[in-house]
Amino acid sequence: MYFILALRFLLEITAILGFLLALIIKLSWLEKGLFLLLDAAFVFFWSYYMAPKASHSLLGWQRLVTEFLIFMLVSLGFWRIYGWKAAMIYFIFTMGNLIFLYLFHLN
């Protein structure tokens, strides 16, 4: 059980650091700005609506749909930054983690 929660934490940190790394990798200032803005939006949205102890925390199916959409957007961002292999690996790990989180009621 702790492995699933630890993997979730690592996936969230990977998303944040992966978008920040785009500031170094990408040459276009537009892409750098876009990924920095997207990263900041994810952090603020996640802390406001997805943190377990947040006052506005989403529950049930709303949380599941939101998590799916966030991880899908991160996977698409990774596809743009790192290519399709990295994006597919991240997507497979996140979807597997979501399935196990909701299967074992760890959300």
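Details
- Selection count, the range 22-78, where residues are more than 20 Å from L98 (Cα to Cα), over 10 Å from the mean Cα position of the chain (by Cα) and part of a helix (DSSP H, G or I): 17
- Filter result for the condition that a residue is free of Cβ contacts under 8 Å to residues at least 12 places away in the same chain and surrounded by 15 or more Cβ atoms within 10 Å (Cβ to Cβ), over L34, L69, L59: L34
- The set of residues from the range 1-23 being more than 20 Å from L76 (Cβ to Cβ) and free of Cβ contacts under 8 Å to residues at least 60 places away in the same chain comprises Y2, F3, A6, F9.
- The range 92-106, residues that are under 19 Å from L73 (Cβ atoms) and not aromatic (F, W, Y): I92, T94, M95, G96, N97, L98, I99, L101
- Residues that are free of Cβ contacts under 8 Å to residues at least 24 places away in the same chain, in a helix (DSSP H, G or I) and open to solvent by 80 Å² or more (accessible area, probe 1.4 Å) within the range 81-107 comprise W84, K85, M88, I89, I92, I99, L103, listed in sequence order.
The values are calculated or read from the model by the stated rules, or taken from the named source; none is laboratory data. Because the structure is a prediction, the values reported are computed rather than measured. As a convention, Cβ positions derive from the backbone with ideal geometry for all residues, glycine included, and neighbour counts pool all protein chains shown. Each accessible area value is taken on the protein alone, full model and side chains, heavy atoms only, with ligands, DNA and RNA left out. Shrake-Rupley method; radii C 1.70, N 1.55, O 1.52, S 1.80 Å.
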